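So the structure is just underneath, and the comments pick up after that.
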Amino acid sequence: MISYEPFWNTLKAKGISQYELIHKHGFSNGTLNSLKHNKNLMLSTVYDICVLLDCDITDVVELIKE
């Protein structure tokens with residue numbers, strides 16, 4: 001299973017709100033919804049998130065073996 005819990009922790013640590021992501025950085029509501037519900041994202045989207053947040057992929061996504 002893929003978990004985006006690290007993404008939410010990274011946002012909190014960097015002091016960035018969901019509102020700021022959408023309105024200041026042009027973040028997609030659809031992408032945010034996918035992150036909230038641990039739905040699949042394109043790897044290019046994860047890359048864009050890493051660039052935006054200036055972080056590593058492990059700060060956005062976690063693999064949980066079932």
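Looking at region 1-19, which of its residues are within 13 Å of V61 (Cβ to Cβ) and either without any contact (Cβ under 8 Å) to a residue 40 or more places away in the chain or part of a helix (DSSP H, G or I) (or both)?
Initial filter on region 1-19 (within 13 Å of V61 (Cβ to Cβ)): 1-10.
Selection gives E5, P6, F7, W8, N9, T10.
Out of all the residues in region 31-59, which are part of a loop (DSSP other than H, G, I, E, B), open to solvent by 90 Å² or more (accessible area, probe 1.4 Å) and more than 12 Å from I2 (Cβ to Cβ)? First the steps, then the outcome.
To start, the set of residues in region 31-59 that are part of a loop (DSSP other than H, G, I, E, B) comprises 37-42, 54-56.
When the remaining residues are screened for being open to solvent by 90 Å² or more (accessible area, probe 1.4 Å), the result is 37, 39-40, 42, 54, 56.
Within region 31-59, M42, D54, D56 qualify.
What do you reckon, is I22 at pLDDT below 95, assigned to a helix (DSSP H, G or I) and surrounded by 10 or more Cβ atoms within 10 Å (Cβ to Cβ)?
Values: at pLDDT below 95: yes; assigned to a helix (DSSP H, G or I): yes; surrounded by 10 or more Cβ atoms within 10 Å (Cβ to Cβ): yes.
For I22, the condition - at pLDDT below 95, assigned to a helix (DSSP H, G or I) and surrounded by 10 or more Cβ atoms within 10 Å (Cβ to Cβ) - is met.
The values are calculated or read from the model by the stated rules, or taken from the named source; none is laboratory data. Bear in mind that the values here come from a model prediction, so they are computed numbers and not experimental data. Positions of Cβ are generated from backbone atoms using ideal geometry, with glycine treated the same way; all protein chains shown enter the neighbour counts. Just the protein is used for accessible areas: all its heavy atoms, side chains included, with ligands, DNA and RNA removed. Shrake-Rupley method; radii C 1.70, N 1.55, O 1.52, S 1.80 Å.
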